[in-house]
Structures are given as structure tokens and as C-alpha cells.
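Right, one structure below, let's go through it.
The values are calculated or read from the model by the stated rules, or taken from the named source; none is laboratory data. As the structure is a computational prediction, the values presented were derived from the model and not from experiment. Cβ coordinates were reconstructed from backbone atoms using ideal geometry, including for glycine residues, and neighbour counts include every protein chain displayed.
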Amino acid sequence: MTFREDALAGQHIVISGGAGAIGVAVARALADHGARVTVNDIVPDVDALARLDAAGVIKDRMQYVRADLTSAQAVEQLIEMARAKFGAITVVCCHAGMVQAAPIITYDDDVWDQLMDVNLKAAYLLAKAGARSMLNDGTRGQLIFTTSWVGAVPWPDIAPYSASKAAMNMLMRSFARELAPQGIRANAVAPGIVGAGMALRQWETEPDYRARASKAIPLGALQTPESVADAFLFLCSDASKYMTGSILLVDGGCSLYPMD
Ligand SMILES: NC(=O)c1ccc[n+]([C@@H]2O[C@H](COP(=O)([O-])OP(=O)(O)OC[C@H]3O[C@@H](n4cnc5c(N)ncnc54)[C@H](O)[C@@H]3O)[C@@H](O)[C@H]2O)c1
């Protein structure tokens with residue numbers, strides 16, 4: 001336990017992309033510390049529930065809602081179902097994402113559109129609907145955006161992904177600025193190269209990526225999903241209550257690239 005067991009008691013946290021490799025670790029950590037968690041993803045219920053169970057997410061404190069958050073209507077339904085089960089939402093985590101690597105001069109335009117829809121538009125729709133729900137409930141809540149160290153570093157072959165994460169950082173700062181008077185905060189978690197999920201898939205399938213990435217982590221090892229979850233725990237806890245508009249970089253020093 002990094003934080004007190006009841007550090008998040010009374011909270012209801014919604015997380016998109018929560019059945020993914022990092023998402024299940026975050027959901028587990030949040031529930032372990034007393035939060036009720038509405039997990040969203042696009043994968044079928046049976047798969048999502050199996051992954052969440054394997055990750056050890058406490059069943060009584062979690063519900064799964066399958067929805068494609070690139071649709072505004074689906075986002076509204078998610079927020080409704082979240083409130084119906086666990087009541088007023090205190091934190092919304094815009095965590096769903098995708099990456100596809102290719103040199104920028106040959107990048108597929110349709111993949112660009114898809115990537116911007118999943119990474120940026122879905123985050124915008126979810127943060128907006130989540131904030132409106134908080135305003136309706138009179139909740140002084142928080143929006144958390146999962147961005148990346150590459151939102152500020154031009155890592156090769158993933159220009160659209162980097163651009164989407166840079167845009168998410170600015171979107172987060174805009175939410176933070178506009179909603180501060182109503183007591184709603186917004187922050188970002190920017191992980192490094194995690195040994196799970198999308199980075200692991202690149203690590204395992206792209207030799208060039210692996211060669212570059214293995215030299216790019218000053219702290220020397222691939223990041224664990226649990227270290228990302230710790231950043232969420234901190235932001236969801238009272239310890240972050242004076243933070244808004246911040247990008248919490250948790251990247252083992254990757255952004256200090258180039259190493260040699
Ligand atoms: N793995 C890394 O090294 C790394 C580093 C920095 C940031 N991130 C970010 O962390 C987040 C999670 O990444 P991951 O590595 O766990 O990848 P992952 O692919 O395991 O998880 C992403 C999840 O998002 C879901 N998703 C995709 N489109 C969706 C949609 N339209 N609506 C709802 N859910 C959708 C996927 O089904 C998947 O479960 C992403 O935002 C990613 O950009 C990852």
C-alpha cells in the first residue's frame with residue numbers, strides 16, 4: 001500500500017480505457033484505496049471482466065460499462081450509468097488511447113483520423129460530460145488526462161500520437177482554467193515507456209523501437225503499470241488538492257532524451 005487504505009473512500013472515479021494494460025492496474029489501485037470505480041472500455045464485457053478480475057480489482061467496488069467514447073451519445077450513456085450505480089462522480093480519468101507507428105511522410109490519413117478521435121475527441125467528450133455532471137451535482141471534482149512524455153518530445157514514427165498528447169495537455173489546461181472558479185480541477189499524468197500495453201507491443205514487434213527505447217530510459221528499466229497507478233492515487237487523493245493545470249511527469253527521466 002502506497003497510501004492509506006481509505007485514502008479514496010467516498011470517491012466515485014470513472015476511467016476510460018480501464019480494461020487496458022495500464023487501466024486495470026489503475027482501477028485496482030483506486031478500488032484498493034476505497035474508491036468506487038466505473039470502468040469503461042470498448043472490449044466485450046466478458047473479456048473486460050476477466051482482465052479486471054485477473055488484475056485483482058475488488059468486485060464490489062467496480063462496474064464495467066462497454067462504450068465507444070468517440071460518440072457523444074455513448075459518453076452521455078456512460079455518465080448516466082455511472083451515476084445510476086455509484087452516485088455523484090468525483091473524478092473522471094480520460095485514459096483511453098491508441099498508437100500506430102509509421103513515418104510521418106507515409107502516415108495513413110485514415111489512421112490519423114481514428115487516432116485523433118480516440119485520443120483527443122473522446123477525451124474532450126468525456127471531460128466535458130464529466131464536468132457537466134459534477135456541476136449538476138455540485139461536486140468539486142477533478143478531470144485527469146493520461147498524456148505521455150512524448151507530448152513534449154518528438155519521438156520518431158509516432159508524430160500523430162505525440163501531437164494528440166500535446167493537444168490533450170492543452171485541453172487539460174483549458175478545462176483547468178475555465179472550471180477553476182467552480183472548484184473543478186484538471187491535471188494530466190504523463191507516463192514514460194511502460195512495460196505493458198501499447199509500448200510493450202511496439203517493444204516486442206518493432207526492433208528499431210526496441211533499440212531506441214532501451215537507450216532512452218535514464219532510470220534504466222521499463223516503467224511498471226503500478227508506478228503509473230501511484231500517480232493516479234496521488235492525484236485522486238487529498239494530497240493534490242492545490243494542483244490544477246499540472247502535467248505530472250512520471251517517466252523515469254525519458255523526457256531528458258537524448259541520452260547519448
Ligand atoms: N504503454 C505506455 O508505454 C504508455 C505510455 C504513456 C502513455 N500511455 C497512455 O496510457 C493509456 C493506456 O495505454 P496502454 O498502454 O494501457 O494501452 P492499452 O491498449 O492496453 O489500453 C488502451 C485501452 O483503451 C481502449 N480504447 C480504445 N479506444 C477506445 C474507445 N473509443 N472508447 C473506450 N476505450 C477505448 C482499448 O480497448 C484499450 O483497452 C493510453 O492513453 C496511452 O496513450 C501509455
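Of the residues making up region 108-154, just one is in a loop (DSSP other than H, G, I, E, B), of a type in the set (Ser, Thr, Tyr) and either surrounded by fewer than 16 Cβ atoms within 10 Å (Cβ to Cβ) or more than 16 Å from the ligand (Cβ to nearest atom) (or both), namely Thr139.
Scanning region 1-30 for residues that are more than 10 Å from the ligand (Cβ to nearest atom), among the small types (Gly, Ala, Ser) and more than 16 Å from Ser227 (Cα to Cα) returns Ala7, Ala9, Gly10.
Given the conditions (1) within 16 Å of the ligand (Cβ to nearest atom); (2) on the phi < 0 side of the Ramachandran plot; (3) modelled with pLDDT of 95 or more, which single one is not true for Gln182? (1) is the only condition that Gln182 fails. Cβ-Cβ distances below 8 Å connect the following pairs, each with a first residue in region 187-213 that is without any contact (Cβ under 8 Å) to a residue 24 or more places away in the chain and of a type in the set (A, V, I, L, M, F, W, C), a second residue that is near the ligand (Cβ under 8 Å from one of its atoms) and in a helix (DSSP H, G or I), and a separation of six or more residues or different chains: Ala213/Ala199. Taking each residue of region 22-49 that is in contact (Cβ under 8 Å) with a residue 24 or more places away in the chain and surrounded by 23 or more Cβ atoms within 10 Å (Cβ to Cβ) and looking for partners that are assigned to a helix (DSSP H, G or I) and among the aromatic types (Phe, Trp, Tyr) with beta-carbon atoms closer than 8 Å, six or more apart or interchain, yields Val26/Phe232; Ala29/Phe232; Leu30/Phe232; Arg36/Phe86; Thr38/Phe86. Scanning region 208-243 for residues that are farther than 23 Å from Asp6 by Cα, of a type outside the set (Asp, Glu) and away from the ligand (no atom under 12 Å from the Cβ) yields Arg210, Ala211, Arg212, Ser214, Lys215, Pro218, Leu219, Gly220, Ala221.
Among all residues of region 215-228, there is at least one that is under 21 Å from Ala25 (Cα atoms), among the acidic types (Asp, Glu) and either in contact with a Pro (Cβ under 8 Å, 6 or more places away or on another chain) or modelled with pLDDT of 95 or more (or both). Screening the candidates Gln73, Gln77, Gln100, Gln63 for the property of being polar (S, T, N, Q), away from the ligand (no atom under 14 Å from the Cβ) and over 14 Å from the mean Cα position of the chain (by Cα) yields one hit, Gln63.
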